[in-house]
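The values are calculated or read from the model by the stated rules, or taken from the named source; none is laboratory data. Nothing here was measured: the structure is a model prediction, and the numbers come from that model. Positions of Cβ are backbone-derived with ideal geometry, glycine not excepted, and every protein chain shown enters the neighbour counts. For accessibility, only protein heavy atoms count, side chains too; no ligands or nucleic acids. Shrake-Rupley method; radii C 1.70, N 1.55, O 1.52, S 1.80 Å.
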Amino acid sequence: MRAAPVVDGAIAGAVGTAALNVVSYLDMVVRARPASSAPDETAGRLASAAHVDLGPEQQATNRRSGLGALLGYATGIAAGAAFGFLAARRRLPLPLAAGLLGSGVMATTDGSIAALGVSNPRTWRRSDWVSDIVPHLAYGMATAATLRRLRSPSRRGR
C-alpha cells in the first residue's frame with residue numbers, strides 16, 4: 001500500500017477540520033453563543049491523566065486552550081488519514097462517505113468528553129445537539145469532497 005491515500009486523507013481531514021471550525025464560529029456569531037469549554041477541559045483532563053504539569057494557573061489556562069484546539073485538529077486529520085487508508089480501494093458515494101466521516105469524528109469526540117467526565121451527551125438539549133451535529137456534518141462533507149478531489153482520476157473509478 002502506498003502512502004498517498006493516507007497523506008491525501010490527512011490533507012482532506014485538515015480541510016474538514018477547518019470547515020468544522022468555520023461552521024462552529026458562524027454558529028457562535030449567529031446565535032451569540034459562547035465558545036465551548038469542552039476542548040479546553042478535555043485537554044486539561046488528558047494532561048492530568050498523563051501527569052503533565054501545564055504550569056501556573058494562567059499559563060495552564062492558555063496551554064489548555066491551545067491543546068484543546070490542537071486535539072481537534074489531530075482528531076480531524078487522523079480520521080481523514082484513516083479514512084484515506086481504508087477507502088483507498090473503494091469508491092463510496094459522497095453522502096455515505098460524508099456521513100461516515102462526520103459521525104465517526106463526532107462519536108470519537110463526544111465519547112472522549114463523556115469518558116473523561118467533561119460532559120454527558122445524554123443531558124444535552126436539542127440546541128446542544130444541533131451545535132454538535134451540524135459542524136460534524138460539515139467536517140464529513142468537506143473531508144469526503146476533498147479526498148475525492150485529491151484522488152487521481154485512475155483511482156476514482158468512473
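Rank-order 130-138, 4-12 by packing density, defined as the average count of other C-beta atoms within 10 Å over each peptide's residues, highest first.
Order by mean packing, descending: 4-12, 130-138.
Relative to the longest principal axis of the C-alpha atoms of the chain, give the angle of the C-alpha long axis of helix 38-49, reported between 0 and 90° and rounded to the nearest 10°.
Compared with the principal axis, the helix lies near 80 degrees.
Using the Cβ atoms and a cut-off under 15 Å, what net charge is assigned to the surroundings of residue 71, where Lys and Arg are +1 and Asp and Glu are -1?
Details: positive: 45, 63, 64; negative: 40, 41, 110.
My count for the surroundings of residue 71 gives 0.
Of 122, 45, 90, 149, which has the most accessible area and how do the rest follow, probe 1.4 Å?
122, 149, 90, 45
Give me the angle, in degrees from 0 to 90, between the Cα long axis of helix 57-86 and the longest principal axis of the Cα atoms of the chain, rounded to the nearest 10.
Tilt of helix 57-86: around 20 degrees.
Name the residues whose placed amide hydrogens come within less than 5 Å of the amide hydrogen of residue 151, ignoring near sequence neighbours (fewer than 5 apart) on the same chain.
Residues meeting the amide H criterion: none.
Could you state the accessible area per residue of the chain in Å², with a 1.4 Å probe and every protein chain left in place?
Result: 59 Å² of accessible area for each residue.
Express the carbon and sulfur contribution to the solvent-accessible surface of the stretch 86-158 as a percent, rounded to the nearest whole number, probe 1.4 angstrom. Can you show the working numbers first?
On the way: 2710 of 4390 Å².
Carbon with sulfur: 62 percent of the solvent-accessible area.
How big is the Cα convex hull of the chain in projection, averaged over all directions, in nm²?
For the chain, the mean projected area of the Cα convex hull comes to 10.6 nm².
So if we plug the beta-carbon distance of residue 60 and residue 114 into 1/(1 + (r/R0)^6) with R0 = 25 Å, what FRET efficiency do we get, rounded to 0.05?
Calculated value: 0.60.
Full-extension gain between residue 78 and residue 122, please, as 0.36 nm times their residue separation minus the C-alpha to C-alpha distance. Numbers along the way, then the final one.
Details: separation 44, 0.36 × 44 = 15.84 nm, distance 2.64 nm.
That works out to 13.2 nm of additional length.
If you add up the charges near residue 102, with Lys and Arg at +1 and Asp and Glu at -1, over every other residue whose beta carbon is less than 13 angstrom from its beta carbon, what do you get?
Result for the neighbourhood of residue 102: -2.
Angle between the Cα long axis of helix 94-115 and the longest principal axis of the chain, 0 to 90 degrees, nearest 10?
20 degrees
Quick one: Cα centre-to-centre distance for the stretch 1-64 and the stretch 76-127, in angstrom?
About 14 Å separates the Cα centre of the stretch 1-64 from the one of the stretch 76-127.
Of 52, 105, which has the most accessible area and how do the rest follow, probe 1.4 Å? Intermediate results must be reported in sequence, preceding the final value.
Details: 52 80, 105 10 Å².
Highest to lowest solvent-accessible surface, that is 52, 105.
Based on the Cβ-Cβ distance of residue 89 and residue 18, what FRET efficiency does E = 1/(1 + (r/R0)^6) give at R0 = 30 Å, to the nearest 0.05? Working shown, then result.
Values: r = 27 Å, r/R0 = 0.91.
According to the calculation, E is roughly 0.65.
Where does the chain land at 222 nm, in deg cm²/dmol rounded to the nearest 500, when only DSSP H runs of n ≥ 4 count, each adding -39500 (n - 2.57), divided by all residues?
-26500 deg cm²/dmol
Distances longer than 21 Å among the Cα atoms of the stretch 66-158: what percent of all pairs is that?
Summing the P(r) tail past 21 Å for the stretch 66-158 gives 37 percent.
Over 10 Å intervals from 0, what percent of Cα-Cα pairs in the stretch 1-77 sits in each interval?
Going out from 0 Å in 10 Å bins, the stretch 1-77 shows 18, 36, 30, 15, 2 percent.
In percent, how large is the relative contact order of the chain, given Cα pairs closer than 8 Å and 6 or more residues apart?
42 percent
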